[in-house]
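The structure under discussion appears below in the form of structure tokens.
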Amino acid sequence: MPSVFIKTFGCQANKSDSERILGDYFSRGYTETQKWQEADEIVLNTCSVRQSAEDRVRGFILNLNKFLSLTGKKKPKLILTGCMLHFNEKEIKDLLPEVDEILPIAEVGFNQKAIRKDHRSAWVPISTGCNSFCTYCIVPFSRGRERSRPPEDIIKEVENLAKDGFKTINLLGQNVNSYGLEKSGINLRKLYMDKDSFSANSIPTNQSQYKKPTDLPPFVELLKQISKIKDIEKITFFTSNPWDFWDELIEEIASNPKIDRFIHLPVQSGSNRILKLMNRGYTRQSYLSLVKRIKAKVPDAVFGTDIIVGFPGETDADFQDTLDLIKQVGFKVAFVARYSPRPGTASFKLFSDDVPAKIKKERWEILDRIANKNNLAERPQIP
Ligand code: SAM
Ligand code: SF4
């Protein structure tokens with residue numbers, strides 16, 4: 001039987017996609033090998049969030065080339081999927097000529113059976129893509145527009161997981177709060193950054209992604225349905241952005257003991273000036289007031305976050321605002337990244353990457369030390 005080796009770079013969304021890619025290979029009669037040197041096919045499930053992630057893909061291919069020239073072995077078929085598909089086919093051919101085939105993840109589909117290594121806790125995708133267009137982020141280009149998976153398909157998968165003995169379900173999407181709302185057609189963070197008309201002044205503040213639905217938000221409805229599945233004991237979700245975190249969701253967390261008290265709520269910066277340039281659509285005040293509203297209803301809530309240091313133009317004063325915010329919230333875990341300009345994004349086009357690498361590193365070290373100081377031993381494994 002032919003064998004496949006899947007190399008996954010980047011976040012939990014990619015790890016979850018790789019489980020379904022492996023399922024697809026199994027359904028076609030392949031076996032999995034843990035040794036890329038022995039594989040007939042190698043799938044590279046790539047990340048593009050930072051330049052360093054793309055460099056690692058190139059590094060893998062260079063190693064493969066070296067191995068092939070030393071051993072004289074036949075080259076395995078090389079398949080590229082994941083976020084590097086923000087490049088078009090020609091660009092990929094120029095950049096990575098060794099790639100034989102491109103696999104858009106939509107071809108595998110949400111409903112392909114996933115092959116999971118963990119047998120108690122399962123990652124279940126509920127949506128893919130993103131409509132938020134934070135100025136620094138490649139995801140809306142690499143994964144395309146937000147698309148929600150039908151609730152009945154999600155429930156069916158979770159019911160089957162419960163039958164197979166899974167106890168924890170981790171719901172996955174770039175912005176889970178807005179699950180099911182893209183069909184409403186009212187996207188308030190619409191493509192402000194249409195290439196020609198976009199300027200820094202056109203970045204909106206304090207905008208939700210969608211207009212609040214008059215009924216229960218579909219994500220809250222989904223949580224209620226999944227909670228009814230008897231043998232599921234714990235439900236977590238990633239990522240909840242600070243927009244569209246409506247009171248109904250807070251009420252649901254407060255009243256539903258199956259929902260985990262860990263809430264991942266990426267803030268990215270504590271400076272209003274930088275948040276606006278990032279197109280995050282909230283202010284530090286509205287973020288802090290959301291945290292306060294959650295803590296009031298869910299006193300045992302704990303928070304995780306993502307922060308970018310060294311965004312273009314970030315001054316010492318902006319950085320101090322971020323430090324101040326993280327001290328106020330007291331995050332359990334913070335994933336701190338140094339800004340990496342991504343070609344094609346709005347911040348790449350509009351701003352120069354002007355914070356020196358040395359300053360980015362210093363800010364990164366300070367934040368990482370302060371934000372993560374008490375919890376290194378128990379950092380939750382999240383995207
Ligand atoms: N949708 C999630 C969100 O909004 O937080 C996750 C998006 S992204 C895959 C994960 C994290 O990567 C972001 O929260 C951000 O901190 C970081 N990131 C994205 N683009 C970046 C860039 N250009 N440079 C540095 N970090 C970046
Ligand atoms: Fe990227 Fe912003 Fe979408 Fe998260 S919400 S995936 S940071 S564009």
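Can you tell me how region 1-144 classifies by the Cα gyration tensor, rounded, prolate or oblate, using a/c under 1.5 as the rounded cut?
Since a/c reaches 1.5 but b/c is at least a/b, the shape of region 1-144 is classed as oblate.
Using Cβ counts within 10 Å as a stand-in for footprinting exposure, how do Ser48, Ser27, Ser340, Ser240 rank, fewest first?
Fewest-to-most ranking of Ser48, Ser27, Ser340, Ser240: Ser27, Ser340, Ser240, Ser48.
Taking the Cα centre of the chain as origin, sum charge times position over the Cβ atoms of Lys and Arg (+1) and Asp and Glu (-1), and report the length of that vector in debye to the nearest 20.
460 debye
Principal axis lengths of the chain from Cα atoms, whole Å, largest first?
61, 53, 43
Specify the residue with the greatest mean-square fluctuation among Thr135, Thr168, Thr33, computed from a Gaussian network of the chain linking alpha-carbon atoms under 10 Å apart.
Thr33
Roughly speaking, what is the stretch gain from Thr31 to Ser121, that is 0.36 nm per residue apart minus the C-alpha to C-alpha distance, in nm to one decimal?
30.1 nm is the gain from fully extending Thr31 to Ser121.
At what distance in angstrom do the alpha carbon centres of region 249-277 and region 293-358 lie from each other?
Using only Cα atoms, the two centres lie 14 Å from each other.
Under a cut-off of 16 Å between alpha-carbon atoms, report the aspartates and glutamates in cross-link reach of Lys7, not counting same-chain residues fewer than 8 places apart.
Output for Lys7: Asp17, Glu19, Asp24, Glu32, Glu38, Asp40, Glu41, Glu54, Asp55, Glu98, Asp100, Glu101.
Multiply the residue separation of Lys295 and Ala357 by 0.36 nm, subtract the distance between their alpha-carbon atoms, and state the gained length in nm to one decimal.
Separation in residues times 0.36 nm, less the Cα-Cα distance, equals 18.7 nm.
Among the listed pairs Lys295/Lys358; Lys156/Lys211; Lys212/Lys258; Lys35/Lys258; Lys66/Lys358, give every one whose C-alpha distance is greater than 27 Å.
The pairs that break the limit, which is 27 Å between Cα atoms, are Lys295/Lys358; Lys156/Lys211; Lys35/Lys258; Lys66/Lys358.
Please compute the modelled spin-label separation between Glu101 and Lys74, points set 7 Å along Cα→Cβ, answer in nm with one decimal.
Rounded to a tenth, the inter-label distance reads 1.5 nm.
Taking the Cβ of each residue in Leu70, Leu288 as the centre, tally the other Cβ atoms inside 10 Å and list the residues starting with the fewest.
Fewest to most other Cβ atoms nearby, the residues stand as Leu70, Leu288.
If you rank Leu323, Leu275, Leu171, Leu62 by fewest surrounding Cβ atoms within 10 Å, what's the result?
Starting with the residue having the fewest Cβ neighbours, the order is Leu62, Leu323, Leu171, Leu275.
Placing +1 on the Cβ of each Lys and Arg and -1 on the Cβ of each Asp and Glu in the chain, which of Phe331, Gly165, Cys11 has its Cα farthest towards the positive end of the resulting dipole?
Final value for the positive-end residue is Phe331.
No lab work stands behind these numbers, since they all come straight from the coordinates. Since the model is a prediction, treat every value here as computed from it, not as a measurement. All Cβ positions, even for glycine, are placed from backbone atoms using ideal geometry, and neighbour counts span all protein chains on display.
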